[in-house]
Amino acid sequence: MHCAPSWKSSDERRTMLDQINTLDPNSLTALKRMSKDNSPAAIKGAAQQFEALFLQNMLKSMRDATVTSDAMGSETTRFYQGLYDQQLAAMMAQRGGIGLADVMEKQMGAQAASAQNAAAAGASSAGNVPLSLDAARAAAAHTASGDKVPTTPQAFVDATWPQAAKAAQSLGVPAHFLVAQAALETGWGKSQIRNKDGTPSYNLFNIKAGSNWTGKVVEARTVEYENGQRKVRVERFRAYDSYEQAFQDYADLVGNSPRYAKVAGKTDGHAFARALQEGGYATDPSYADKLARVINGNALRQRLMASAASARG
């Protein structure tokens with residue numbers, strides 16, 4: 001038989017509840033230590049633990065906003081609810097959560113790879129060096145010209161939706177599938193490949209420049225998986241003058257390649273993502289799952305609801 005724990009004072013109860021229900025400094029310090037280890041396992045673990053802490057705090061905020069009876073609002077009940085929320089948050093993060101850990105893992109992995117390559121190449125490496133003054137001015141001028149790089153998921157959806165709709169029509173798939181893939185590849189536009197002068201390459205799908213490509217080219221570090229092992233290397237990628245060109249090139253590539261014959265006409269997000277991975281679009285073994293989560297995520301759901309409401313009006 002399990003009995004409720006007894007404490008000597010209400011101060012001790014409050015202390016334990018605070019430790020359960022808040023992002024305590026000790027947990028954050030541990031995350032910082034893990035994130036400094038550049039191994040993929042450590043980065044993945046740190047990202048998952050951060051998402052678990054975030055989810056735990058979110059659950060606490062939801063409970064705080066819920067009106068409860070006196071019986072359900074006792075400190076003993078709150079204590080067990082806190083333990084339950086802690087375990088639930090950890091389990092959710094390990095099983096994919098809300099996608100925050102995946103985004104953090106991708107960003108921290110890229111930063112770690114950049115730092116490692118910069119150290120190996122010496123001070124002349126551009127991997128971790130800020131833009132030069134000329135490059136920064138060029139990027140600022142490009143932004144001021146009106147062709148801005150989106151800074152939020154919703155802004156990214158708004159900026160790419162018209163071009164995605166046109167390309168999606170030629171493939172027979174929903175527009176938000178293409179927006180979702182572009183979001184996954186570029187971190188909602190924030191991590192898209194840039195030219196040497198700091199301006200965007202508009203390569204939203206990270207399409208490489210093979211020997212048959214005659215257009216503009218930009219070099220960038222990328223992560224590939226070989227036999228389950230994560231590898232970082234520098235590759236040549238295609239560069240465009242606009243998002244419209246990027247979407248059109250993607251549609252041509254997927255629509256005309258036998259490798260992606262199963263992609264065309266897919267109207268189910270999971271089936272679309274699996275067809276891309278089976279065709280070899282990405283080497284990440286979790287690519288299809290990640291893409292499906294973005295397709296069914298909140299940012300695109302809001303746009304779909306807005307489009308449906310506009311159509312009804």
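Any read-out appearing in this document is the output of simple, stated calculations on the displayed coordinates, not a laboratory observation. If you're wondering where the values come from, they're calculated on a predicted model, not measured in any experiment. All Cβ positions, even for glycine, are placed from backbone atoms using ideal geometry, and neighbour counts span all protein chains on display.
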For the ranges 191-204, 226-239, what's the packing order if you count other beta-carbon atoms within 10 Å of each residue, average per peptide, and put the highest first? 191-204, 226-239
Of the listed pairs Lys196/Lys231; Lys166/Lys216; Lys266/Lys290; Lys106/Lys290; Lys106/Lys262, those with alpha carbons more than 20 Å apart are Lys196/Lys231; Lys166/Lys216; Lys106/Lys262
When you count, for each residue, the other Cβ atoms within 10 Å and take the mean per peptide, how do 291-301, 44-54 rank with the highest first? 44-54, 291-301
Compactness of region 180-313 as Cα Rg over 2.2 N^0.38 Å, two decimals: 1.12
